[in-house]
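Chemist: Would you mind keeping the following structure in view while I ask a few things?
FYI, it's all coordinate maths here, none of it is from the lab. Worth saying up front: this structure is predicted, and the values here are computed from it rather than measured.
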Amino acid sequence: MTEIQDKKIVELIRKPETLNEGFAMIFKEYKEPLYWYLRKVLYSHEDTDDAMQNTFVKVYQKIGQFREDSSLKTWIFSIGYREALQIIRKKKQRNNGYYEEVESVVNELTAEPYFKGNEIHKMLMNAVQSLPERQRQIFELKYFQEMSYREISKITEITEGGLKASYYHAVHKIQDYLKQKIVLK
């Protein structure tokens, strides 16, 4: 979505008579990228759907509070990020502090029909899953979503320096994990 399209949407949502039209444009433009972003954070389709629904409800409720300090995408993704964290926290509470076992998440993902990876891809997914939650999320935003540190900072409310350090450590942990797995084979 371009900056011009975002401005048009913002104009529409600022007027009560065109709010629904503006929100429909937001939904149309951002539902797919938001889904895949949340899917990389939550992994399960059901959790992603829950987060999507909660995100768009909050976007609709809070659209009047959008201050244009960031792009519309960043604002929406930051709401989605917080919704995903809520789901993770709830799951951890139900599972005595564990989000999900690494192997079960990877096995669930690789069993899905869209998965087209090979053994190396599966090892990478295992390595990413083994990271501490914060590092995993930062790595996924930077590596898979190809977001800038500035965008990630606005979404996560973590300083760019903190993000760079977390990403650096995540990359090294993934490299170490993959070296161990390849040596052990």
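Chemist: Which lysines have a Cα lying under 27 Å from the Cα of K90, excluding residues fewer than 8 positions away in the same chain?
Modeler: In chain and number order, the partners are K31, K40, K58, K62, K73, K122, K142, K154, K173.
Chemist: So between K58 and S130, what do we pick up on full extension, going 0.36 nm a residue minus the alpha carbon distance?
Modeler: My answer for the length gained is 22.8 nm.
Chemist: Across every pair of different alpha-carbon atoms, what Kirkwood hydrodynamic radius in Å does the stretch 1-67 reach?
Modeler: One over the average 1/r among Cα pairs gives 12.6 Å for the stretch 1-67.
Chemist: Based on alpha-carbon centroids, what's the gap between the stretch 36-73 and the stretch 125-185 in Å, whole number please?
Modeler: 21 Å
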